Amino acid sequence: MLIIRSEQMQAMTQVWSDRLEQTLKDHVQEFFPLSAQEAAVLIPAARAKAASYDLYNERDLHRFVNVCAEEGIDFDLKPENAWMRTMLLDPAVSSPSQRLELLTSTREHQARVQADNASLAAPQWLR
Amino acid sequence: MISAAEAAAAARSLSASPVSACQNRFAVEVLMLGEDAAPVAGVALELRQGNACLRSRTSAEGVARFDGLDASTYTLCPCELDLDAWTLEAEQPLSEDQARSAGKANWASATDEDIRGGTLHTAAADDSVDRLALAHGLFPATVWQHPRNDALRKARQSRNVLAQGDALFIPAIRRKTIAVQPKVRYILKRHGVPSRLRLRLLDDFQPLADLAWTLAVPGEATVQGRTDADGVLQAWVSAAASSAVLSYIANGALRELNISLGALLPGRVAGGWRQRLRNLGFACDAEDRQPLSAADQRAIGRFQEYWGLPVTGTADAITIEKIRSVHDGRQAAPPAHGKYASGS
């Protein structure tokens, strides 16, 4: 039977965490106009903020840093985004991952509605 | 320093095997649709087994998914909705991919709130029964038809009108549950949501038939359609919406009308008949004043002449009742007489 000592587990966790940090930095640099320096500042702050919403796994962190990169690291403190904070802390949703899922799907929906509304704003189709 | 939660996430990630994660774990999906068959977002749902529960809300696509379930039977309850406000419409098997669940269920202890009673609500200026029913998880008719609202119902006659200060009883929700099983999508219908908006468009007292229109409600998807042969426009709008902009082109010109939703006053109060008279195209003053201004008298006189009433220019009881019945009723076409008659 293989026994992993706590020191070994800690070392593996550190490796996992460091690798995740680098993956997230690469991700934001690939999809957002951020320099390496900006990514190096954003990712630890985003991970700390994600932890305050009980978000730790890799998939959630990817989605959470997307929100931070688009809206700014203090997105949840802006009055116009109060609904986002409410959603991320919603006690009516058991899973923190699902709360984030609801937030991202709502943002995508709002973007779609805005784009559709913009296309209908032109009066041409009324004629 | 790695936190305990991060270490747990790392441990899960390091030990994760795609096969073991999916083994014997399934999902239940719920799709909530409104009266217009469009998804309803934000509906709170509770899945229970014994004293344990999972909570979720429907997404913008109207879907809520409960992951990490055993092949067992559970009870599902839209826990913020009254039993009259929803029904189970259909069940569909999920595909194998959809039914399999890699997620973990975050079971919590179920708590039963005390939901007895109800509240007596004093209406604000912009309150409507539909809006209040929506906010309290009720079907509008459940509120309006409640025996404790008998007197108000008699006085106001229409559910669409409340006056500031009206006392409306809002009953407590009564919960109901359904038995559900994993690997199935349950399609629920939310009754009374969204609200139906009905307007008749007239130009120079003639119906604007088969006319293309758009209705823009702040924060919502703009809807579009065409009026029917009688100039009637029907659209679904959120009961929470308080304003909309209606656009159409008449006589070659783009018209944009700002519409207040849910703000119609009772027809027999001064502000109420003014709102209706203006909506009908008779331009009286918006502000209530006594004695009546010359503009008020002209507008009332034109209305009286148009509908064959004695032309007095005063807001007498017969005229006020006629304004209310023409506006709130479904009189399809105006009578053909007087200088406003068709073809004149």
Quote the relative contact order of chain B in percent (integer), defining contacts as alpha-carbon pairs under 8 Å separated by 6+ residues. 15 percent
Evaluated over the range A:15-122, the Cα radius of gyration and Dmax, each in Å: 14.9, 54
Spelling out what I want: for every residue of the range A:42-51, take phi, set θ = phi - 60°, compute 6.51 cos²θ - 1.76 cosθ + 1.60 (Karplus), and round to whole Hz; glycine and proline get x. 5, 5, x, 5, 5, 5, 5, 5, 4, 4
Using r as the Cβ-Cβ distance of B:Arg198 and B:Gln297, and R0 as 45 Å, what FRET efficiency do you calculate, to the nearest 0.05? 0.90
Using Cα atoms only, what is the angle between the long axis of helix B:4-15 and the major principal axis of chain B, expressed in degrees (0 to 90) to the nearest 10? 70 degrees
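Among residues other than B:Lys189 whose Cβ falls under 11 Å from its Cβ, what is the net charge (Lys/Arg +1, Asp/Glu -1)?
On the way: positive: B:Arg190; negative: B:Glu35, B:Asp36, B:Glu89.
Neighbourhood net charge equals -2.
Find out how many positive minus negative residues lie around B:Leu152, taking Lys and Arg as positive, Asp and Glu as negative, among other residues whose Cβ is under 13 Å from that of B:Leu152. Could you put the intermediate results ahead of the total?
On the way: positive: B:Arg148, B:Arg153, B:Lys154, B:Arg156, B:Arg159; negative: B:Asp127, B:Asp150, B:Asp166.
My count for the surroundings of B:Leu152 gives +2.
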Given an 8 Å cut-off on Cα distances and at least 6 residues of separation, report the relative contact order of the range A:15-122 as a percent. 20 percent
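What percent antiparallel are the DSSP beta bridges of chain B, to the nearest 5? Numbers along the way, then the final one.
Working: 57 of 62 bridges.
Of the beta bridges lying entirely in chain B, close to 90 percent run antiparallel.
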B:Leu254 to B:Arg226: extension gain in nm, 0.36 nm per residue of separation minus the Cα-Cα distance? 8.6 nm
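For chain B, just say rounded, prolate or oblate: build the C-alpha gyration tensor, square-root its eigenvalues into a ≥ b ≥ c, call rounded for a/c under 1.5, and beyond that prolate if a/b exceeds b/c, oblate if not.
Details: a/c = 3.12, a/b = 2.26, b/c = 1.38.
Prolate, since a/c reaches 1.5 and a/b exceeds b/c.
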Could you put B:Lys104, B:Lys322 in order, starting from the residue whose Cβ has the fewest other Cβ atoms within 10 Å? B:Lys104, B:Lys322
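Tell me whether the protein assembly as shown comes out rounded, prolate or oblate; compute the Cα gyration tensor, take square roots of the eigenvalues as a ≥ b ≥ c, and use a/c under 1.5 as the rounded threshold.
On the way: a/c = 2.78, a/b = 2.08, b/c = 1.34.
Prolate, since a/c reaches 1.5 and a/b exceeds b/c.
Once the Cβ-Cβ distance between A:Glu7 and B:Ser72 is put in as r, and R0 is 56 Å, what FRET efficiency do you end up with, to the nearest 0.05?
0.85
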Just to confirm the number: angle between the C-alpha axis of helix B:294-306 and the first principal axis of chain B, 0 to 90 degrees, nearest 10? 90 degrees
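Count charges around B:Thr87 for me, please; just the other residues with Cβ under 13 Å from its Cβ, Lys/Arg as +1, Asp/Glu as -1.
Numbers: positive: B:Lys176, B:Lys189, B:Arg190; negative: B:Glu35, B:Asp82, B:Asp84, B:Glu89, B:Glu91.
With Lys, Arg at +1 and Asp, Glu at -1, the neighbours total -2.
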Helical contribution to [θ] at 222 nm, DSSP H n ≥ 4, -39,500 (n - 2.57), averaged over chain B, rounded to 500: -6000 deg cm²/dmol
Helix A:58-71 axis, angle to chain A major axis (alpha carbon atoms, nearest 10°): 50 degrees
State, to one decimal in nm, how far the label point of A:Ala36 lies from the label point of B:Ala125, with both points 7 Å from Cα in the Cβ direction. 6.0 nm
How far apart, in nanometres, would the label points at B:Ala110 and A:Gln14 be if each is projected 7 angstrom from Cα along the Cα-to-Cβ direction? 4.7 nm
Let me spell out the model: positive unit charges on the Cβ of Lys and Arg, negative unit charges on the Cβ of Asp and Glu, origin at the Cα centre of chain B. What dipole size does that give, in debye rounded to 20? 400 debye
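Before anything else, pin down the relative contact order of the range B:109-185: Cα pairs under 8 Å, at least 6 apart, normalised by residue count, whole percent.
Working: 83 pairs, mean separation 34.8, N = 77.
Computed value for the range B:109-185: 45 percent relative contact order.
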Need one number: nm distance between label points at B:Phe205 and B:Ala286, each 7 Å from Cα along Cα→Cβ, rounded to one decimal. 2.6 nm
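Considering every residue in B:49-62, what mean count of other chain Cβ atoms within 10 Å of its Cβ is obtained?
Numbers: counts 0, 0, 0, 0, 1, 4, 7, 9, 7, 2, 9, 10, 3, 0.
For this peptide, the per-residue mean of nearby foreign Cβ atoms is 4.
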Can you pull the mean other chain C-beta count within 10 Å for peptide B:210-219? 2
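Every read-out reported here was derived from the displayed coordinates using simple, explicitly stated rules and does not represent laboratory data. Predicted model, so just to flag it, every value in this text is computed and none were measured. Every residue, glycine as well, gets a Cβ built from its backbone with ideal geometry; the counts of neighbours run over all protein chains shown.
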